[in-house]
Amino acid sequence: MTRKGLTEYILNNYVTNEEKPWTDSPEFSVFRHLSNKKWFAIIMPVAADKFGLDPGGEVEVVNLKCEPFLIDAFLDGKSVFRAYHMNKTHWISVIINLAEEEKLKMLVDMSFGLTDVRRK
């Protein structure tokens with residue numbers, strides 16, 4: 001999946017907007033619930049070496065909320081990692097173009113559900 005494909009999936013399946021909250025980082029996209037303003041996805045470029053990958057390049061990642069007891073089961077060291085620049089107990093980072101498309105969609109769906117106050 002591409003960044004564009006992931007963005008389209010999110011916008012077509014959830015009542016949300018793509019926000020660009022930082023004027024100095026227009027390549028960062030945040031998706032949040034309109035009702036409670038909680039983030040469920042943030043897409044951003046990250047240095048590849050932050051994930052132990054080839055230094056010198058960047059990868060497009062999406063940070064997603066995840067049930068803490070499931071995180072270890074999803075980590076694979078190739079496309080899913082402990083969250084970059086977020087709480088590593090509750091968030092994961094997924095390299096968009098390396099993740100299996102259906103798995104990525106499922107992880108987005110889970111993140112959306114975990115941040116939805118109506119689920120309680």
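The values are calculated or read from the model by the stated rules, or taken from the named source; none is laboratory data. Small disclaimer: the values here were computed from a predicted structure and weren't measured. In this analysis, Cβ positions are derived from the backbone assuming ideal geometry, glycine residues included, and neighbour counts consider all displayed protein chains. Just so you know, the surface numbers come from the protein's heavy atoms only, side chains and all, with ligands and any DNA or RNA stripped out. Shrake-Rupley method; radii C 1.70, N 1.55, O 1.52, S 1.80 Å.
Numbers below:
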| quantity | calculated |
| --- | --- |
| Relative packing of 9-22, 104-117, which averages over residues the other C-beta atoms within 10 Å, highest first | 104-117, 9-22 |
| 20 Å tail of the calculated P(r), the stretch 34-101, as % of Cα pairs | 25 |
| Accessible area of the chain belonging to carbon and sulfur atoms, whole % at 1.4 Å probe | 51 |
| Integer Hz, Karplus 6.51/-1.76/1.60 couplings in order for the stretch 57-71, x for Gly and Pro | x, 10, 10, 8, 10, 10, 8, 9, 6, 8, 4, x, 6, 9, 3 |
| Cβ crowding within 10 Å averaged over residues, with 66-72, 41-47 ranked highest first | 41-47, 66-72 |
| Net +/- balance of residues flanking M1 in space, Cβ distance below 12 Å, scoring K and R +1, D and E -1 | -1 |
| The stretch 22-88, relative contact order [Cα under 8 Å, separation at least 6], % | 21 |
| Net charge contributed by nearby residues that have their C-beta within less than 11 Å of V30 (K/R +1, D/E -1) | +2 |
| Coordinate range along principal axes, alpha carbons of the chain, Å, largest first | 41, 35, 24 |
| Helix-only mean residue ellipticity at 222 nm for the chain, each DSSP H run of n ≥ 4 adding -39500 (n - 2.57), per residue, nearest 500 | -8000 deg cm²/dmol |
| For the stretch 1-47, diffusion coefficient by Stokes-Einstein and Kirkwood Rh (Cα), 4 °C, 1.567 mPa s, µm²/s | 116 |
